[in-house]
1. For H535 and L387, calculate 0.36 nm times their separation in residues minus their Cα-Cα distance, and state this gained length in nm to one decimal.
2. Kindly rank 194-202, 256-264 from highest to lowest mean number of other beta carbons found within 10 Å of each residue.
3. Enumerate the amide H contacts of V511 below 5 Å, restricted to partners 5 or more residues apart or on another chain; note that Pro and chain-start residues carry no placed amide H.
4. From the Cα trace of the stretch 233-310, what convex hull volume per residue do you get, rounded to a whole Å³?
5. Between E148 and E470, how many nm apart are label points set 7 Å from Cα along the C-beta direction?
6. Report the relative contact order of the chain, percent, no decimals, based on alpha-carbon pairs under 8 angstrom and at least 6 residues apart.
7. Which of these values of Cα Rg over 2.2 N^0.38 Å was calculated from the structure shown: (1) 1.15; (2) 1.11; (3) 1.05?
8. Once every DSSP H run of n ≥ 4 in the chain is given -39500 (n - 2.57) and the sum is divided by its residues, what mean residue ellipticity at 222 nm do you get, rounded to the nearest 500 deg cm²/dmol?
Amino acid sequence: MRRFSLLLALSSVPLLVAGAEEAAPLAPRSSPTVEPTAVDPLFEVPLSPVLPSARGLALELPDPLRDAIEAGRWSFAADRALELEPSGEQAFLASWCLVKARRATEAEPFLDLMEGPPNWVLLTQGKVLMALHRPEEAIDALALVDLELPIAGEAQGLRARLLEEAGRLDQAQAVWLSLAAREGPRSGTPEALIWLAKHHGEKTPEAYPFLRRLWYEYPKGGGEVWASAILRRHHRTGPTDWERARRAERLMWRGYTNDALTEAKALIARTEQGSEPWCRAHYVRGRSYAMRGNNGAASLAFADAGAQCVEAEGDFGERILWWKARSEGRMRHHAHARDSYSELGALYPGSNLADDAWLKAGEHAVDLGDWEEAQAHWEQALVELPLGDRTAEAGFRLAWRHYVQGATAEARRVADQVASMPIASGRFDVPAARYWSARWALYPDVEDPWTADPSGRDEAVARWVALCQEAPWSIYAVMAWMRLSEEAPERARALAARPATLAAFEPSWLVTREFRERSADAIGLARVGLMQEAHGAWDAVIDEDTLHGDEYAWWLELRRANGEELEAHADARIWLRTHPWDPHRANAEHLARLVHPRAFGEEVDSASEPYRFAPLTLQALIRTESNFDHEVRSRAGARGLSQLMPYT
């Protein structure tokens, strides 16, 4: 009860920052021994350090300015930003706020002073120059904005209008065509299609493809109503079945599932079975039901379309089978889900979903109690797709099953196949296979797992040492080290020793050149406190799954510095499940403090001491229960940091 009183007391503590040393950006100590370049051990790509001057915030924003930016009160924000020293990042921030407040002419003194996110600086300069009636300079600035960014549509649209006003119609048309040529729905594309249709004349055959694309690519918005009216009045050509199917799919992704279902049903009735529009329509119909949580209707809607679409263009057949199996699995119809996953693997062996299908077919076979069939499915994944994304997991499950059946030699054969895969193909299962294959070499008898076979000791020790060296971040490296501490204690001590060169300093983050270039806008925006814009830039060009630990840490550090402690910490926990960090890296302790902040440090220490409760254990409990959010409540009514029920 005394410990419960401790937890209840902590559950009412308001949210605090982790303490001065945790709240401030964790700037590294400089050292002349830091090498200017390094190589990532997992992906073998060159890395370069982030200088301390690029870490943390570039500006210390007063709270009123930060609050105004977050609330979109741009005129007030501009007034506060003008109070800062007008140079570098301050000049950019002030100019951005002035542009957003429609006071762009006031930013003229800052035109040559702006520094910061390169593409956003160009856009801001372009808008200021437009307001100052300096179109040629504005055109030059806007032309340099990257077409892949979310602001490209706005920047190039402004540029095209300036070119048109200057009488340079051919160049304006070229800009609009470049926007229209981008695949998929993108910012600025509807405006480009509208301009091109009007430019050619709404009634002309040349305008038709632009009008029709507005109709199928941007339903319920983006000029679609205008385009539909013109198509009805002036163009007799109706949409193709492909265009109808594409429109149905776009309606689905935009959340108009009722409209998507209506159009998909009509298409299925009118199109040839097995054609691309027919397959797409089946996918849209079933997927729309799945999006609404109606898994039974989704399974029925998919029907046998997956088998009918093998020869169709696109990947709708395999997607149909995958979602059909998923819907059946959600209803716990294990036999149907197993059959659908098996059908996917058999009909689409080259699909990037096939390895997942074989894995899940085996899982559902286990749910049905058929271990023999499960093993056959997992073996199929190893044979058909030895380097698939989920093959390592299927292989390790198969190896473990062989072991518990007493077939240790067969278990080692399969485990060795998984162990030979690149660690990046299975960050959990490849180290697991390496650990257990070594352990089975030393302890081969499942009935007597603690009696060693001396003939396998050298092989096991060598494999465990290699695992500790190659994947020290893995839980299986920890397990390997524990075994080494018993079988080869000197090797274990050598592995655990922290090199003296690593204890001397905490180097900066080490990032790839590609990341530095692609993230320049997002990082630059975050460093001046424009987090909404920073997230948009980050999401547009960064795939977090491909990031190295230091790259993600740089972004995480900036989010924390901008007051996103809870959100950043929650996202980091999810990211770390598949991207563990190497504890032998020079900045391992720095990374650990960043990812595992000692929030409520003083309160936890003072509350733990009377009860002899380890403070770090309580920190871990709070992190697990509430993620340091004292306002969170569970569905059952648990509340506070430690998620206790009111009556506890």
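1. Values: separation 148, 0.36 × 148 = 53.28 nm, distance 3.32 nm.
Stretched out fully, the H535 to L387 stretch lengthens by 50.0 nm.
2. My ranking of the peptides, most packed first, is 256-264, 194-202.
3. Here the answer is S48, V50, since their amide H atoms fall under 5 Å of that of V511.
4. On the way: hull volume 6.9 nm³, N = 78.
With only Cα atoms used, the stretch 233-310 gives 89 Å³ per residue.
5. 3.2 nm
6. 15 percent
7. Only one listed value fits the structure, namely (1).
8. Calculated from helices alone, the mean residue ellipticity at 222 nm is -18500 deg cm²/dmol.
The values are calculated or read from the model by the stated rules, or taken from the named source; none is laboratory data. All figures in this text were calculated on a predicted structure; none of them were measured in a lab. Note: ideal-geometry Cβ built from the backbone for every residue, glycine included; neighbour counts use all protein chains shown. Just the protein is used for accessible areas: all its heavy atoms, side chains included, with ligands, DNA and RNA removed. Shrake-Rupley method; radii C 1.70, N 1.55, O 1.52, S 1.80 Å.
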